[in-house]
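Written below as structure tokens is the structure these notes are about.
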Amino acid sequence: MRLNLNTKIRLGFGIALVVLLLTSLFAYMSIQQVAYYTNRVEHTYKVLQHTTDLRTQVRDAQGAIRSYLLMGDKAYLGNYDNLVSDIHRNYESLRHLTFDNPDHQRRLDTLGTLMAQEVLLLDAWRQRPPTLYAARDLVRGDRRQLEQIRAVIAQIKNSEDLLLRERTRNRDIWERTAPLAIIGSAVLTILLVLWLFSRIVQELKEKESLQTELAAVNFNTTQRIRLIENLAEQVVLGDYKVKIRDKEQDSLGKLAGSLNRMTQTLDYTFEALNKRNLELDQFAYVASHDLKAPLRGIGALVKWMEEELSHELSVQMREYLAMLKGRLTRLDDLINGLLAYARAGRTQPLPEEVDVRGLVAEVAEMVVPHGFTVDLPPASLPSSPTGLVCNRYLPTCSATPLSTTTAARAI
């Protein structure tokens with residue numbers, strides 16, 4: 001599915017926003033982790049400091065009693081009391097700092113027991129009179145106890161050293177990762193924005209190219225439609241030889257081909273029609289000539305009869321011969337009318353006034369039987385009154401006189 005430009009812009013900026021949000025979230029987590037491990041490193045340093053101070057204070061407490069036994073100066077006893085107080089404070093601080101470490105708590109329980117024994121031992125030695133031998137015996141007797149205390153403190157210190165290295169390494173990792181993640185996300189965002197910008201520019205160029213191509217196609221289509229309109233106008237004017245030169249295979253090209261075939265068919269049809277009309281003219285001319293020849297013969301016979309038998313013809317016979325000549329004249333006019341009708345539509349007759357009443361009277365005289373009369377009211381009649389009167393009255397002819405009124409409405 002092809003996305004439009006607006007969708008791509010929204011999608012691109014949405015992805016960039018998501019990347020920025022993820023980067024911000026990761027940066028926040030990195031800062032939190034750096035702060036956490038920094039705090040844990042400081043906590044480890046505090047534990048190490050207290051363990052070091054505790055070992056030093058235990059050693060100094062024994063040294064204060066030993067100095068008292070060697071020198072006999074009670075000032076060392078005051079120093080010893082202060083050291084014992086510091087030992088108790090450091091011990092409690094260690095228990096508080098390592099409350100979340102069960103191993104340290106067990107070691108501190110052991111250390112607390114050992115230090116309590118050490119304090120009881122030193123308190124017992126401070127009650128003795130100060131002599132050189134007492135100091136020597138103190139050192140010898142307290143060596144094992146001090147070694148045990150140092151061993152427990154060393155275990156705590158070694159465990160904290162391991163924790164310190166691990167926490168320092170994690171802190172360094174997060175310190176290096178956070179800037180890299182921020183820089184990487186920034187670079188990724190920039191690349192994404194640049195890619196989005198390039199896609200937008202490309203889409204705009206393609207859109208501009210498409211608009212140009214569409215304008216060219218529209219212009220070409222308009223020209224082709226105008227050619228088709230021109231062909232239609234030429235066909236309306238009677239020019240059936242016009243053609244459209246369009247070799248395209250689209251709908252307009254197929255339409256142009258159909259119109260070309262149509263004009264070709266019309267041209268062929270009208271040429272055939274013209275040939276038929278010429279044949280019809282020739283036939284009408286020959287038919288009229290062939291029909292007029294007998295009429296002329298009959299007319300000549302009537303004329304000869306009038307000339308040769310003029311003294312023998314009665315009045316009634318002369319009237320019949322006159323009527324025959326009139327019928328022959330009207331039949332000649334009828335043949336001329338048929339010839340003119342055959343040429344109708346292919347000639348331009350000149351308009352002329354027609355006396356409708358006289359025309360109807362002639363038609364009635366020619367076709368209405370004896371004993372009928374035709375009265376024509378003031379109304380218009382069709383252009384072929386002869387056929388009209390014949391078709392209406394000849395089938396009903398009889399010997400009974402009849403008067404008929406004919407009107408255009410009745411017709």
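The values are calculated or read from the model by the stated rules, or taken from the named source; none is laboratory data. Note that the structure is a prediction, hence the values are computed from the model and not measured. When we count neighbours, we look across all protein chains shown, and the Cβ atoms used for this are built from the backbone with ideal geometry, even at glycine.
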Quick one: in region 176-219, of everything that is among the charged types (D, E, K, R) and without any contact (Cβ under 8 Å) to a residue 40 or more places away in the chain, which residue is nearest to residue 30 (Cα to Cα)?
176
Out of curiosity, is residue 122 in contact (Cβ under 8 Å) with a residue 24 or more places away in the chain, more than 30 Å from residue 29 (Cα to Cα) and aliphatic (A, V, I, L, M)?
yes
Output yes when any residue across region 159-178 is over 30 Å from residue 98 (Cα atoms), surrounded by 11 or more Cβ atoms within 10 Å (Cβ to Cβ) and not acidic (Asp, Glu), and no when none is.
no
Those residues of region 116-141 which are in contact with a Phe, Trp or Tyr (Cβ under 8 Å, 6 or more places away or on another chain) and among the charged types (D, E, K, R) amount to 126
Test: residue 54 is assigned by TED's automatic domain parsing to the domain that holds residue 131, of a type outside the set (Lys, Arg) and at pLDDT 85 or above:
yes
Is one or more of the residues making up region 312-335 exposed (fewer than 11 other Cβ atoms within 10 Å of the Cβ) and either touching a strand residue (DSSP E or B) at 6+ places or on another chain (Cβ under 8 Å) or not in a helix (DSSP H, G or I) (or both)?
yes
Within region 267-302, residues being at pLDDT 80 or above and in contact with an Asp or Glu (Cβ under 8 Å, 6 or more places away or on another chain) number 0
Conditions (1) at pLDDT below 90; (2) part of a helix (DSSP H, G or I); number of the one not met by residue 2
(2)
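Conditions tested, residue by residue: (1) at pLDDT below 80; (2) part of a loop (DSSP other than H, G, I, E, B); (3) in the same structural domain as residue 41 (by TED's automatic domain parsing).
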site	(1), (2), (3)
163	no, no, yes
180	no, no, yes
184	yes, no, yes
193	yes, no, yes
214	no, no, no
234	no, no, no
265	no, no, no
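Out of curiosity, is residue 110 in contact with a His (Cβ under 7 Å, 6 or more places away or on another chain) and either in the same structural domain as residue 138 (by TED's automatic domain parsing) or farther than 22 Å from residue 147 by Cβ (or both)? If you could, list the steps in order and put the result at the bottom.
Numbers: in contact with a His (Cβ under 7 Å, 6 or more places away or on another chain): no; either in the same structural domain as residue 138 (by TED's automatic domain parsing) or farther than 22 Å from residue 147 by Cβ (or both): yes.
Taking the combined requirement at face value, the residue does not satisfy it.
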Please tell me if residue 118 is in contact with a helix residue (DSSP H, G or I) (Cβ under 6 Å, 6 or more places away or on another chain), among the charged types (D, E, K, R), farther than 30 Å from residue 38 by Cα and part of a helix (DSSP H, G or I).
yes
If residue 35 meets every condition in (1) within 25 Å of residue 156 (Cα to Cα); (2) over 60 Å from the mean Cα position of the chain (by Cα) apart from one, which number is that one?
(2)
Look through region 90-107, keep the residues that are among the polar types (S, T, N, Q) and buried (at least 16 other Cβ atoms within 10 Å of the Cβ), and return whichever of them is farthest from residue 61 (Cα to Cα).
101
Restricting region 337-349 to residues that are in contact with a helix residue (DSSP H, G or I) (Cβ under 7 Å, 6 or more places away or on another chain) and either at pLDDT 80 or above or outside any helix (DSSP H, G or I) (or both), which is farthest from residue 288 (Cα to Cα)?
346
So how many residues does region 61-85 have that are surrounded by fewer than 17 Cβ atoms within 10 Å (Cβ to Cβ), charged (D, E, K, R) and either assigned to a helix (DSSP H, G or I) or touching a residue at least 12 places away in the same chain (Cβ under 8 Å) (or both)?
1
